[in-house]
Amino acid sequence: MDGVIKAGFIRGNQRFFCKICSQHFILENAFKSDLKKNGQSTITDVANALGVSISTVSRALNDKSDINPDTKKAILQAAMELDYRPNLLAQSLHKGKTNTIGVIIPDVEHPFFAKVLAGIQQVANSSCFRIIVCHSNESKSAEILNTETLIDCRVDGLIISHSKETTSFEHIKKIIDKGIPVVQFDRIITELNTHNVMHQDYKGSFDLVEHLILQGCERIAIMSGPQEMYICKQRLEGYKAAFQKYGREINEEYIVHSNIAKKDCLDVFDYFMSLEYPPDGIFTILNRNGVEMMKIAKERGIRIPQEIAFAGFGDDILAEYFEPSLTVFNHFPPAIGQEVMKVLIRLIENKTHFPAYNHFIEGELVVRQSSQKGGYIK
């Protein structure tokens, strides 16, 4: 309309002024005809719809006191009608903090990592932080790409469990050098000076193998993982320590390193059965390898635990409900996720970072049918 200009608000409605007749008037909800219908609305769209400045809209949206109440009411109404959402990245860049944490895991389908993520998310939900989850799919190159992506997203911190291929750590050192706090969990690299949230790899393996010994097993084999992986080293040491405690000789024939994949179980089991004296107890450093081996044994008519007793590290619903149920060391993945998130938040919020150290989550031995041969249960 020629000669008509916007002239503030009355009771949340746009007021207009006619320069021809020198009169003010109101058209209720007049701004709605200007509302943006498609795409994501911006603060500029809100300002244009009402004929006010961007700074005025910003003050209203940030609940500042130096703004007319009627104007503020109209701006908030317009923002709602436009389905306006603030640009979190722009706000974060202005504040120098994104309140976003990157999480890199090697196997998103594995129940352990799914439960850890649940613990991380639980703490995130009760804090002001959001998480971005990346999946390396057991690939070092994908892990490196994940770290670069998260840096570009300006995360405030990084939580990571490394892929099976990761044996060098320059990509993590680059993040640390940028002043971004890093917390490792489960699969860690000890050369890095970071906080690490860990389960009781050594103790858990010791407890499981000791249990098999006390059940009367004479030849206990272990299906371990990649020799370079820290958790594999620790679980193998726990296995050996139990032998040493009871004066047992360690026979290298019963120690197999694998890629801890499902397809490896058949080859490892066939190897154990090909020995002159096959094992009467098998310990797998991943519980799912134990379940898979029990499945193979049952198909071959091998009685469990009478002929072979089984035990595995870690617990999940499959280990509990497979028949027979698997004896495990439960390392409580949700608690690991909760702790790793709490540690990282403390690092982000604490301007003088406290010294790095290992945070251990206590686990427990859970004895089930797969190992109960009638011996002493500890």
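The values are calculated or read from the model by the stated rules, or taken from the named source; none is laboratory data. The shown structure was predicted, so the numbers you read here are calculated from the model rather than taken from an experiment. Every residue, glycine among them, receives a Cβ derived from its backbone with ideal geometry; neighbour counts consider all protein chains shown. For accessibility, only protein heavy atoms count, side chains too; no ligands or nucleic acids. Shrake-Rupley method; radii C 1.70, N 1.55, O 1.52, S 1.80 Å.
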Item to check | Within the range 300-346, tally of residues that are open to solvent by less than 10 Å² (accessible area, probe 1.4 Å), hydrophobic (A, V, I, L, M, F, W, C) and in a helix (DSSP H, G or I) | outcome: 6
Checklist entry - Is there a residue in the range 260-273 that is farther than 30 Å from Asn137 by Cα and open to solvent by less than 50 Å² (accessible area, probe 1.4 Å)? => result no
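Return the only residue of Gly216, Gly281, Gly314, Gly238 being in contact with a helix residue (DSSP H, G or I) (Cβ under 7 Å, 6 or more places away or on another chain) and at positive phi.
None of the others qualify; the one that does is Gly314.
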Checklist entry - Given the structure, is Glu276 surrounded by fewer than 17 Cβ atoms within 10 Å (Cβ to Cβ), more than 26 Å from the chain's Cα centre (by Cα), at pLDDT 95 or above and in a helix (DSSP H, G or I)? => result no
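When you check Ile180 against the structure, is it over 20 Å from Val367 (Cβ atoms), among the hydrophobic types (A, V, I, L, M, F, W, C), in a loop (DSSP other than H, G, I, E, B) and in contact (Cβ under 8 Å) with a residue 40 or more places away in the chain, yes or no?
On the way: over 20 Å from Val367 (Cβ atoms): yes; among the hydrophobic types (A, V, I, L, M, F, W, C): yes; in a loop (DSSP other than H, G, I, E, B): yes; in contact (Cβ under 8 Å) with a residue 40 or more places away in the chain: no.
So Ile180 fails the test.
One line per residue, one yes/no per condition, for (1) under 15 Å from Thr98 (Cβ atoms); (2) among the small types (Gly, Ala, Ser); (3) free of Cβ contacts under 8 Å to residues at least 60 places away in the same chain; (4) open to solvent by 20 Å² or more (accessible area, probe 1.4 Å):
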site: Ser126; (1), (2), (3), (4): no, yes, yes, yes
site: His135; (1), (2), (3), (4): no, no, yes, yes
site: Ser139; (1), (2), (3), (4): no, yes, yes, yes
site: Leu150; (1), (2), (3), (4): yes, no, yes, no
site: Val155; (1), (2), (3), (4): yes, no, yes, no
Item to check | Count of the range 237-277 residues which are touching a residue at least 40 places away in the same chain (Cβ under 8 Å) and closer than 20 Å to Asp201 by Cα | outcome: 3
